[in-house]
Every structure is written in C-alpha cells, then in structure tokens.
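Beneath this line is the structure, given in structure tokens, with notes to follow.
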There are 2 protein chains.
Amino acid sequence: NAQLNPTTSDPPTPPTDHRILAQTHDLFITSPFSPGSPLLLPNGAYIFQRLQSFLRAQYPQFGFREVITPTIYKKSLWETSGHWENYAEDMFSVQGRGTTGHTDNAGTGQDEEFGLKPMNCPGHCLLFKDNIMSYRDLPIRYADFSALHRNEISGALTGLTRVRRFHQDDAHIFCRPDQILSEIEQTLKFVGMVYDTFGLGPYKLLLSTRPEEHFIGTVDEWDRAEQQLTAALGNSGREWALNEGDGAFYGPKIDIILKDANGKEHQTATIQLDFQLPQRFDLQYQASPEELKLDMPPREGETLDTANRRPVIVHRAIYGSLERFMALLIEHYAGKYPFWISPRPAIILSLNQDPKVLDHVAHLQAVLAGLRTPDSEPISFDSPQDFTARAKPQPLSTIHLPIDVDTSARSLGKKIAEAQSKKYNHVIVVGPKEVETGRLKLEVVNQPNSAASQRVLESTVGRAMQDSDWV
Amino acid sequence: NAQLNPTTSDPPTPPTDHRILAQTHDLFITSPFSPGSPLLLPNGAYIFQRLQSFLRAQYPQFGFREVITPTIYKKSLWETSGHWENYAEDMFSVQGRGTTGHTDNAGTGQDEEFGLKPMNCPGHCLLFKDNIMSYRDLPIRYADFSALHRNEISGALTGLTRVRRFHQDDAHIFCRPDQILSEIEQTLKFVGMVYDTFGLGPYKLLLSTRPEEHFIGTVDEWDRAEQQLTAALGNSGREWALNEGDGAFYGPKIDIILKDANGKEHQTATIQLDFQLPQRFDLQYQASPEELKLDMPPREGETLDTANRRPVIVHRAIYGSLERFMALLIEHYAGKYPFWISPRPAIILSLNQDPKVLDHVAHLQAVLAGLRTPDSEPISFDSPQDFTARAKPQPLSTIHLPIDVDTSARSLGKKIAEAQSKKYNHVIVVGPKEVETGRLKLEVVNQPNSAASQRVLESTVGRAMQDSDWV
Ligand SMILES: [Zn+2]
Ligand SMILES: [Zn+2]
C-alpha cells in the first residue's frame, strides 16, 4: 500500500477492483442481512437504469418485447423444466408461513412449496404456450429484466461479481428451425453494437458443438443448427473459434469472451440454443406447408400434433448479469464514466454566498437537470421547490441529469479539489460575473473522449452535451 | 347475460371487470404454477412500463432518487423491523436448498432463514443508516419499484387486484420533524398531478390521527406532526375529512380515497408517518444548532447520541400497487386507452398485396415506431431487418410506439372490423394512392379526448401525436 509507505517516490497505484472504485461514486453497499444481494445506492441505481434504458431503446429495432413474470413458481414447474433436480443446490425454496405460524414441513399448509426463480425460461414457456401460434407468428422474442436468485455459497460472495441476486438482460427467442441463421446474425449484430457503444473489446466468439454422446434430438437437427450458427459467425466479421463437442446436451451455443484492459478474460454474453425445453413444455406451433412436406422422424415420448412442429428456443443475454457488467464497466472506466451514464455528470460551485449567486446556481441546476428551460423565470435558492408549485408533468422523453451543487462557505479551491476527487465530469463555477453575463466557467475534468461514447452522447442529450451551449 | 337472451332489445352491457376488459388487449395471463403472480404479456408490460416511466420522469422535480434493494433478507432483519412477528401470516419464508439436497428445518444448513420482502422500508433503513447524515442533508427520499410478496390465501386471488406479487411506486422520505409540512404539501401536489393526468377522480383525503391509547412517542410530537398534516391538507385545496383516533400506533396518516366511474371507492395512495421504524433501526442524524437548543424528553430505551436526533419516516405511494392501479385504469378507460399508454396506438392495413404497397407499409411502420425518419431510404417488406444492418444505437429519449400491421390477403372491410374490435386508437390504410402521394387515410377510432391526456400527449410524443403530421 503506497500510502503507508511515504518514503517511496512511486505514485500510488490506482485501484482497479470494482469494489474500491465503486466507493468513489457511492454506488452500492452490502449488508450481512442479505449476503450476495448488493443494495444499490442512488448513483449505482442510476448507472443500472441507464444500462437498462439503453437496451430497452434498442429492443424495438431487434423485435424484442418485454414481459413481466413471477418471482416464485411452484415446485412442479421446476420439475417440468428439470431445474428442481438438476439445479437443486443453486435454488432457494419458498414457503408461505401459513395461518398457524410457521410450517416446518414442505407440502403442508395450503400451498405446495415454491422455488425462487434462478432463470426466466420456464415462465416464458408458459407465456408462449398460452396461445397456439402459427409458423407466421414466429419468431416470438420475449425480454425480461427480472431479479434472479442463485444460492452461491456465502464464502464466495463479493461485490457485484459473486452474488446471489442479480438481473440479466435476459431474452428467449422462440423460432422455427429455419430461422436460426437470421436470429443468430441479428443477435451477433446486437452484441457488437452494444460492446462498441461502451468501448469494450476486443472479444472473441466461441462456438460449442454437439457432444459425442448424450445429446437430445437427432444428429440431423444438430447439423442443420450448427451449419446456421457457423454461417452466422462467418458473416459477423468477428474472430471466432470452435470448441468441438463442448456444447450442452440440449443444444449448441456461442459464448462471447471479452478481454479487459488488464488482459483478463470475461465470459459475458451467451447465445444458447435449446432443443430440450420446447419438449419438456410440449411447445408447438402450426407448421408451414413446406415444413409439413418434410418427413419428421418419430421420437420417443413425442406428444406433437401431426400438423405442428416444435420451436427452437434461443436463450440470449447481451450484458449477461447487469451487476457483473456494471462491475466490468466500473473497472473499464476507472471512475471516468462517459457523460451519458455518469452518476456525476456535473457539479455547480458557488464562488460566494451572495443571494444572487445562489439563485443563479439553483436556476442553472434546474436547467441542466432538464427541469426548466434556460429562459424560464428566476427561482429562489431558499425555496427551490416553489417552482414545482407550477409543476406540470414532465414528458417521458426528458433526459434528467443528476446535477449537484456545492454552495458551502468553503474556499473555491477546496470545493474544486473535492469535486475533482469525486470525479465529476464537469465542474461549473458561478460567481457575480456569471450571474451578470449569463455565461459560465466550465471545466471539463473527466470527459472520456471515445468516439463510441460521443456518438451515443450526441443522440442522447443533444444540445446539453455541447459545453458551450449549456447556457 | 344479454348475449344469452337474443329476444331483448337492450344492447349488451359492456364488461366492466378488468379481467374481461384486459383480454381484448392481451394484457396478462395467470398460471396455476404461480397463483396471485400475474404474468404480464407484452401489451400489459408496455402499460406497466409507461406508468413506471411516467413516474420516473416526475421524480427529479420532487427530489426522489431511485434505489435497488434485495428481495430476500435474513429473518433477523424482519425481527428488527417487527414484521417477522406482526406480519407473520403474510410473509413467505425462504431457505437455501443446501448442499445435501433439501433441508427441511429452518436454521440448519449454512444459512439462517430468509423472508421474502413484503415491504421495502427495512431495506431503505439500511441504506439510510450506512452514513450518518447531517440535518442539512435531509430530507433523503428513496424510491423503489421492487417486486413485493404477501401471502394472501389462494381462494381470494384474482386478476390484478388480489395478488401475492405486486410492485409499488414505493418511497420513503427520511426528514426532520420540522420538514413534515413541506414534504406532505409536495406529496399531495404530486398525487394531484398524477391523478389529473390520468383523468381519475374526484378523490377525497382522509386524515387519521393519534389513537386514544397505545401509541409511541410523546403527545407533543404527535400534536406537532398532526398540525403540519392539517396545514398541508388545508393548503392542498382538496376536500378532506378527519378520522379522529384512527391512526396506527406508530404515526398519523393520510389516505387517498378515489371514486371510480361506478361510484365505487378505492383506497389507492397513502402517506403514512412513522415514528417507530427510526427507533427500531436506531436511525440518527446530526441535529441542527436550533434543534439542540430544544429540550429533548428522555425516553425509555433511547440509544440516541446527545448531538443527534431521530428522523421521521414518511412511507408514501402514489399509484399504490401498480397492478391494482392498472386494473383501475383498465376499467376507467374501458379499452379506450389514451394514446400515450395505449398498447395498440395504431395499426397499418394494406389495401392489397402489391409489393410496393407492402414496402410502404414496412416503411411507415418503422417511421411511426420511431425507428426511422420519414425521409429515410425505402425498405423491403420481405426483409425489414435489412435496415438494422445499418443499425445505430437508438437514443434513450426516443419514444417507441408499438405499431402493428395487417397485410393479410383478407378484404379491407374484414381487416378494419378486426382492428376496431381490438380497439386500436388509429387505423391507417395504405393502398397504391397512398404510396404515390405519400399521404395517408387515417381513421381515429378510439382517441379519448380528455384535456389531461392531451396535455401529456403533447409533451410525450410531440409531433407524432399530430395525426396530420404522421407522414
Ligand atoms: Zn433461459
Ligand atoms: Zn414503507
């Protein structure tokens, strides 16, 4: 620790662990009352929601629609999906505490035991099954940001990376076998767009194919699916490699392996094909005339209507776990967040305590936060809420920036030093001159200048990001 | 049932139950695998998220910041908050299934038993307690849309109104005793703005005060708090009434009682003061010089530092349960949703199957959905995804409307009839003439014309809501 050794002339090594870096921006805390379930403070929740909003803004162009699904399902659903048995140690069980106090035995009381969901797939299968779809309706793409729980052993829990509760940018694509190619192509395009936006990469794509033994479905089905995956990978223009025979027994998959600034590899996004869940949930769609012409080999235990076919499910996540992706970004940006996801985009410092200066600070804060137009009437620093007396609903499209102020009586030098240590992107000083001229002294402290973040910025906050336009 | 009695000349009574009305728009399903946890289909999730986005857009002007908090907490937290004992029958308990399969006894295995959260307050207390705040930092306002679980008996479960899993637009304000008036005033203003926006009301406000016996805190504390609540109610300009002695033992409250179109009353929003939780969690803030001058009566079991004071907590929800609020809106609008929250704002019908007509349909759909500008190059109906080849990140501020198309070979009359029965707000017909002139035949089918929804509309979708501007 460089700080404990004042004799060395080396500068202290900046911390690279997300848990340390996160403290600068007050992103999250952990609590012994819920090990592995980080509590996101306002600044952490802000980053989380910007990540979520960014993806949501992309979903329509890729044809995803969001659904909202339960947190707990009865044991019997998890038995159908196979999780109750195969995922036993990772699951939490849930029971009503009953009408006569706590019931100690599962299965007693008015309710069967529940499982706290570790994955969204079974719930999405219930939605798909609700209506029998035609081949024309496919693909159906359900996205879901639900909280998920997996019972990691408590010794392994840490920060945002080893957790018990997390959120995925989860989605399931229910498609026809002949739609695999275009779905995988689109998904790889989506992955590329997202990782470019955050300036992450390079990454490599890894295709895992049919295991030698123990797989479900026919060799033919696997071959056709793998051909489509291979074609999609070829068309992606990205580096990819083959992990032959390394697929799960229920389908081939593509992993995205991201290399961080320190050369460490992270498995983030996944694209997993699944021939099994459609069988377990007996999912069917009305086949097309072309599909009906093809012979279908009879299968053991098949309950398929002759006019129907089984869809393929593609499980896919682009961020993967949002918490882990946040940890990755925290380390990637090392405190210098791009303006559009920065929890501290700007702070306004008052040069003195003159009431006119303070009023102007309050006015500027409201303008930069997206709450007022620059030409709106002055407000008073002492009762800033006065302007909500005339509050009207804010449009849903407004981008609200969390703009802070420091109007304490301390010296400007101290205030600037603190703002810099808190890594605000911009520091704005307001004194009598700024009040008179209506112009600002704006210092850019921490604005990473990557092309990708600039591109998103321009479309996100429009004029506001142009420093010279801020007044 | 009017439909079973064809001899009567009365028109069939339109359904008024949200469960029936919701079917028209495919809003949600329920499943025996998770009784009381409705599964929101894409259209239902869309309405849910519009409600959530609307409130999020208002939070900055009212000073709320969102946090993200755990779903499960150890039993000991619920014992501290008092829920484990007082809320026993309504809570679900959670246990890791352990490393040797299912553990039947609570407290064994590596983990203490958990409770699935029925409320957010204890988690927010942990966040508040993380740092010792100064009187200058208050109020702190945490908002949270977390899923909550309460174990209602299964016989009572129905639709979106009697559920086990729901989401509140929950928030907790941690404030000084002297800040109660302005916080309650702001909250009542917020409530009014939201209910006006949805055209809901009239509603009345009901103040419940200190019970005769069994209350915590001093009579003086209660009196000062009730004086502030009374003043805020008086300043609100709304009808209000007194429910003397009907407050909970831990604080006075204001209920909002909404009267629906059928004269039925609903308790939706609540504003509940709480003197108890700050004590149970030993919450403190550094008192102001003025506060320190006031004598503080010693209290049994107080662990307060002499330089500190306890904050008051205000629990407040404006929608209340989002699911129940949705049910209320479903019945309130009876299928005629305002454009800005309508899951079916518009459908485009093709007059014929001419490729040029179909391409124009695809182009228009993308434009109205916010994915392309009106002057962008033509796209092909057969491969609409081609334009995502040139996809760039969509700005977070874009409003994406779910625009449907019907390009089936059926007659226009049949397509219009179906669109009307599905209650699209707008039906747009595209034929060769529209392709040539670039103009549209646009029929407004279901556009409720309330001033409130218009006001929000204008600020929400800007140009897009002006029908004549749609091309
Ligand atoms: Zn899945
Ligand atoms: Zn509460």
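The values are calculated or read from the model by the stated rules, or taken from the named source; none is laboratory data. Here the structure is a predicted model, which is why all the values come from computation and not from measurement. Heads up, the Cβs are rebuilt from the backbone with ideal geometry, glycines too, and the neighbour counts pull from every protein chain shown. Note: accessible area is taken over every heavy atom of the protein model, side chains too, but ligands, DNA and RNA are not part of it. Shrake-Rupley method; radii C 1.70, N 1.55, O 1.52, S 1.80 Å.
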Has the range B:410-419 got at least one residue that is under 30 Å from A:P395 (Cβ atoms) and within 14 Å of chain A (Cβ to nearest Cβ)? no
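Among the candidates B:F145, B:F166, B:F128, single out the residue that is open to solvent by less than 10 Å² (accessible area, probe 1.4 Å) and either more than 10 Å from chain A (Cβ to nearest Cβ) or more than 12 Å from ligand 2 (Cβ to nearest atom) (or both). Can you show your working first?
On the way: B:F145 fails: open to solvent by less than 10 Å² (accessible area, probe 1.4 Å); B:F166 fails: open to solvent by less than 10 Å² (accessible area, probe 1.4 Å).
Residue meeting the stated conditions: B:F128.
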Quick check on my filter: what residues within the range A:26-41 are crowded, with 20+ Cβ neighbours inside 10 Å, touching a residue at least 12 places away in the same chain (Cβ under 8 Å), facing chain B (nearest Cβ under 7 Å) and not in a loop (DSSP other than H, G, I, E, B)? A:L40
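Give me a count of the residues in the range A:342-357 that are out of contact with any Ser or Thr (no Cβ under 6 Å at 6 or more places or on another chain) and over 16 Å from A:K422 (Cβ atoms).
So the answer is 6.
Quick check on the range A:214-234. Is at least one of its residues within 14 Å of chain B (Cβ to nearest Cβ), within 30 Å of the chain's Cα centre (by Cα) and open to solvent by less than 40 Å² (accessible area, probe 1.4 Å)? Spell out the reasoning first.
Pass one, the range A:214-234, residues within 14 Å of chain B (Cβ to nearest Cβ): A:232.
Those left that are additionally within 30 Å of the chain's Cα centre (by Cα): A:232.
Checking which are open to solvent by less than 40 Å² (accessible area, probe 1.4 Å) leaves us with A:232.
The answer is yes, given that some residue of the range A:214-234 is within 14 Å of chain B (Cβ to nearest Cβ), within 30 Å of the chain's Cα centre (by Cα) and open to solvent by less than 40 Å² (accessible area, probe 1.4 Å).
Condition (residue is of a type outside the set (D, E, K, R) and free of Cβ contacts under 8 Å to residues at least 12 places away in the same chain) applied to the range B:233-244: is it met by at least one residue? Steps first, answer last, please.
Taking the range B:233-244 as the starting set, the residues that turn out to be of a type outside the set (D, E, K, R) are B:233-237, B:240-243.
So of that shortlist, the ones also free of Cβ contacts under 8 Å to residues at least 12 places away in the same chain come out as B:234, B:237.
So far as the range B:233-244 goes, yes, one or more of its residues are of a type outside the set (D, E, K, R) and free of Cβ contacts under 8 Å to residues at least 12 places away in the same chain.
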Within the range A:30-43, work out how many residues are within 19 Å of the chain's Cα centre (by Cα) and within 15 Å of B:L77 (Cβ to Cβ). 3
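On the basis of being crowded, with 20+ Cβ neighbours inside 10 Å and out of contact with any strand residue (DSSP E or B) (no Cβ under 6 Å at 6 or more places or on another chain), does A:I153 make the cut?
Details: crowded, with 20+ Cβ neighbours inside 10 Å: no; out of contact with any strand residue (DSSP E or B) (no Cβ under 6 Å at 6 or more places or on another chain): yes.
Criteria not met by A:I153.
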State whether the residues of the range A:189-203 include one that is within 14 Å of chain B (Cβ to nearest Cβ), within 16 Å of ligand 1 (Cβ to nearest atom) and under 21 Å from the mean Cα position of the chain (by Cα). no
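Condition test on B:I72, is it surrounded by 20 or more Cβ atoms within 10 Å (Cβ to Cβ) and touching a strand residue (DSSP E or B) at 6+ places or on another chain (Cβ under 7 Å)? Steps first, answer last, please.
On the way: surrounded by 20 or more Cβ atoms within 10 Å (Cβ to Cβ): yes; touching a strand residue (DSSP E or B) at 6+ places or on another chain (Cβ under 7 Å): yes.
It is true that B:I72 is surrounded by 20 or more Cβ atoms within 10 Å (Cβ to Cβ) and touching a strand residue (DSSP E or B) at 6+ places or on another chain (Cβ under 7 Å).
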Considering only the range B:46-87, state which residues are more than 9 Å from chain A (Cβ to nearest Cβ) and small (G, A, S). B:S81, B:G82
B:L273 being in a strand (DSSP E or B), at pLDDT 95 or above and either within 16 Å of ligand 1 (Cβ to nearest atom) or open to solvent by 80 Å² or more (accessible area, probe 1.4 Å) (or both): no
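Condition first: outside any helix (DSSP H, G or I) and open to solvent by less than 10 Å² (accessible area, probe 1.4 Å). Can you find one or more residues in the range A:296-311 that meet it? Talk me through it step by step, then tell me what you get.
Initially, the range A:296-311 is screened for residues outside any helix (DSSP H, G or I), giving A:296-311.
So of that shortlist, the ones also open to solvent by less than 10 Å² (accessible area, probe 1.4 Å) come out as A:311.
Checked the range A:296-311: at least one residue is outside any helix (DSSP H, G or I) and open to solvent by less than 10 Å² (accessible area, probe 1.4 Å).
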One residue from B:L283, B:L273 being within 16 Å of ligand 2 (Cβ to nearest atom), more than 14 Å from chain A (Cβ to nearest Cβ) and touching a Gly at 6+ places or on another chain (Cβ under 7 Å): B:L273
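Check B:P202, B:P252 and return the single one that is of a type outside the set (V, I, T) and loosely packed, with under 15 Cβ neighbours inside 10 Å. Walk me through how you get there before you give the answer.
Details: B:P252 fails: loosely packed, with under 15 Cβ neighbours inside 10 Å.
On inspection, the qualifying residue turns out to be B:P202.
Against the definition (within 16 Å of ligand 2 (Cβ to nearest atom), closer than 27 Å to B:D130 by Cα and buried (at least 18 other Cβ atoms within 10 Å of the Cβ)), how does B:R316 come out, yes or no?
Working: within 16 Å of ligand 2 (Cβ to nearest atom): yes; closer than 27 Å to B:D130 by Cα: yes; buried (at least 18 other Cβ atoms within 10 Å of the Cβ): yes.
So B:R316 passes the test.
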